[in-house]
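All remarks here apply to the structure that follows.
Throughout, read-outs are computed from the coordinates displayed, never taken from laboratory work. All figures in this text were calculated on a predicted structure; none of them were measured in a lab. Methodologically, a virtual Cβ is constructed for each residue, glycine included, from the backbone with ideal geometry; neighbour enumeration extends over all protein chains shown.
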Amino acid sequence: MTKNSDQYALGKLIGCLSLLEDKTSILYKTLADKIEPPFVKSLMLLIAQDSQKHSTILRGIGESLDKGFVKPKECAKNAGVSWQAIENLQKEISKKEKLSDSDLLALSERLTLLESVVGEEYYVFVQLKTLELLVNKIDQSYHVDLASLKTVFTGIINDK
């Protein structure tokens, strides 16, 4: 991979993370609209604002690396589990007029799991990018082709 193709790929991945954060923000705004208790509503809005802030920052970084537009369908493939989990929860919540206390209790567990999955996506993303850059640097510096080991390391990271 050349520096330009690394930069392009990294820009696309970061662009997808931006869209994922945007979807997360919309999810939490939807939740806030359907929750009665003011304190819980304010917490959902705060999380929505944080996610929107993250989306804006990531979009800026992604566009700095790659001027192209990221397509949501590409991102759905790349961020699979997180993307689908957010979409499913958004559809489910959108069907309800208001959320009851029992809905909130069940949702708190699902949202905790969702945040964990999204956090894992970021962690894996950083590990994979670091691995790619390390392999490229070793190739350039020592003329050793480690590309064949990339699959092995990627598998180990995904297992974690």
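Structure note, pairs K29/K67; K12/K53; K29/K95; K29/K98; K41/K96: Cα-Cα distances above 22 angstrom occur for K29/K67. Inter-label distance, Y8 to D101: 5.7 nm, where each label sits 7 Å from its Cα along the C-beta direction.
Take the Cβ atoms of E36 and E92, set R0 to 25 Å, and the FRET efficiency comes out at 0.85. On the basis of the beta-carbon distance and an R0 of 25 Å, E109 and K29 show a calculated FRET efficiency of 0.75.
Residue ranges 21-34, 52-65, 92-105, 110-123 sort as 21-34, 52-65, 110-123, 92-105 when ordered by packing (mean number of other C-beta atoms within 10 Å per residue, highest first).
Extension gain for the segment L46 to K67, taken as residue separation times 0.36 nm less the Cα-Cα distance, is 4.5 nm to one decimal.
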